[in-house]
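The values are calculated or read from the model by the stated rules, or taken from the named source; none is laboratory data. Keep in mind the model is a prediction, meaning the values are calculated, not measured. Cβ: placed from backbone, ideal geometry, glycine included. Neighbour counts: every protein chain shown.
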Amino acid sequence: MTRPWIAKLFAGRTARPAPTPRPRTRLPRFLTLAALALSLLAAPAARAADFTWSSARNITADADVLATGTLVAAYNVGRAARPGVPGVPSTAVNGVTFAPFAVTYHTTSASAGNFTLTFSTEAFGVDFSGVNPLTPITGLSSSYRTLLSSGAVDEARGSAGTITITMSALTPNQSYTFQFWAMDSPRILTLNPNLVQATAGNSVTLSSNTSSMNGGLGQYAVGTFVADATTQDILLSGVDMAGSFPLINAFQLRTVAPVPEPATVGLAASAGLAGLGALQRLRRRATTQPEVASAS
C-alpha cells in the first residue's frame, strides 16, 4: 500500500524516458589490416637505393660500352671551353652518343641535363688527349680514346676529395643500370695506381691505370639499382693509402626493364579499398538498424 505523502510527492511527474541505446558496431579484423596496408603505402620511401656493382672491369674495346636497355643519358666528362682552349667534345662509342659534360676549373659543381657533379673542394677538368699517346691506349678506336682522354677530378687526395654524382628525374620502382669509367693513361694524377672508389650503399674500386705505365688503360664498372625515389647519389672518393684522386671520365644511365607493379603493393591497395568500402557499409547499417538493449 502506497502511503499518501509518497503519492503527493510524485503527483504530476512523468517517468523519464530510457536513453536511446547507441548503435554498437564491431570492425572486422581485416579492416585493421587494410588500414595498416594503407599506412604502409603512404609511408615515405628511402632516398638512396643500394647498388649491386659488378667487379671492376678492364677497358679493352668499344664493346665495353653497354648498349642494352634504353638510354637515359650518356656524358663525356671534361674541361669547359675557355679562350684558346676547346671544351670537351661529344663522341659515339658502340652506338651510344656521349654528350659533353663541361666542368669549369675551380668550381664546386657542374650540371648537364638531370645530372650534377658536386666537388668537396675544387674541381678541375683534365684533358689527356695531347699527352704522349703510347700503347696500349693506341689500340683503342679513336672515338673510345676521345671518351677516355678527358675527365674531372677533385683537387683533394684520398677520402678528403670526393665527387658526388646526383641523378634526378628518376622513376620510382624503375630498374636502372649505371656505368662509369676511370682512366689516367699518361699518369698525370699520380705515379702510383690511382684508385677510385664508388659508393652507393655498396662499393666498387677502380684503378685508373692498371699497368702503372704511360699509355696504360683504366677500368669501368656497372651498377644496377631499383630507384626508390626521384633522385639518387653516388659518391666517388680517392683511396687513402694510394694517395689517389677521385676521377671520372664518362658515365651513362640506362633503363633495363619497364616500371614494375609489385604484387604486394597491388594486393595492399586492393585490401585497403575493400576495407574502406566495408567500413562505409557498416556505418550505414549502424545508422539505420540501431541495436536495442534487451530488458533484464
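When the range 238-270 is limited to residues that are within 29 Å of residue 140 (Cβ to Cβ) and modelled with pLDDT under 85, the one that is surrounded by the most Cβ atoms within 10 Å (Cβ to Cβ) turns out to be 242. Looking across the range 39-81 at every residue that is of a type in the set (D, E, K, R) and modelled with pLDDT of 90 or more, the one that is nearest to residue 116 (Cα to Cα) is identified as 79. For the range 139-182, the strands (runs of 3 or more DSSP E) that sit wholly inside it and include 1 or more residues that are surrounded by fewer than 17 Cβ atoms within 10 Å (Cβ to Cβ) and at negative phi are 162-167. Residue 102 meets the conditions (1) at pLDDT 95 or above; (2) within 26 Å of residue 62 (Cβ to Cβ); (3) part of a loop (DSSP other than H, G, I, E, B) in every case but one. The failed one is (3).
Of all the residues in the range 113-137, those that are within 16 Å of residue 150 (Cα to Cα) and either of a type outside the set (A, V, I, L, M) or part of a strand (DSSP E or B) (or both) number 11.
Inspect all residues belonging to the range 111-128 and state whether any of them is in contact with a helix residue (DSSP H, G or I) (Cβ under 8 Å, 6 or more places away or on another chain) and surrounded by fewer than 18 Cβ atoms within 10 Å (Cβ to Cβ). So far as the range 111-128 goes, yes, one or more of its residues are in contact with a helix residue (DSSP H, G or I) (Cβ under 8 Å, 6 or more places away or on another chain) and surrounded by fewer than 18 Cβ atoms within 10 Å (Cβ to Cβ).
Among the residues of the range 183-193, those that are crowded, with 23+ Cβ neighbours inside 10 Å and either under 27 Å from the mean Cα position of the chain (by Cα) or among the hydroxyl-bearing types (Ser, Thr, Tyr) (or both) comprise 183, 185. Tell me which of these residue 106 doesn't satisfy, since it passes every other one: (1) farther than 15 Å from residue 185 by Cβ; (2) in contact (Cβ under 8 Å) with a residue 12 or more places away in the chain; (3) under 26 Å from the mean Cα position of the chain (by Cα). Residue 106 satisfies all of (1) farther than 15 Å from residue 185 by Cβ; (2) in contact (Cβ under 8 Å) with a residue 12 or more places away in the chain; (3) under 26 Å from the mean Cα position of the chain (by Cα) except (3). Taking the criterion of being hydroxyl-bearing (Ser, Thr, Tyr), more than 18 Å from residue 244 (Cα to Cα) and modelled with pLDDT of 90 or more, the residues of the range 119-148 that qualify are 141, 142, 143, 144, 146.
Residues in the range 224-237 include at least one that is crowded, with 20+ Cβ neighbours inside 10 Å and at pLDDT below 95.
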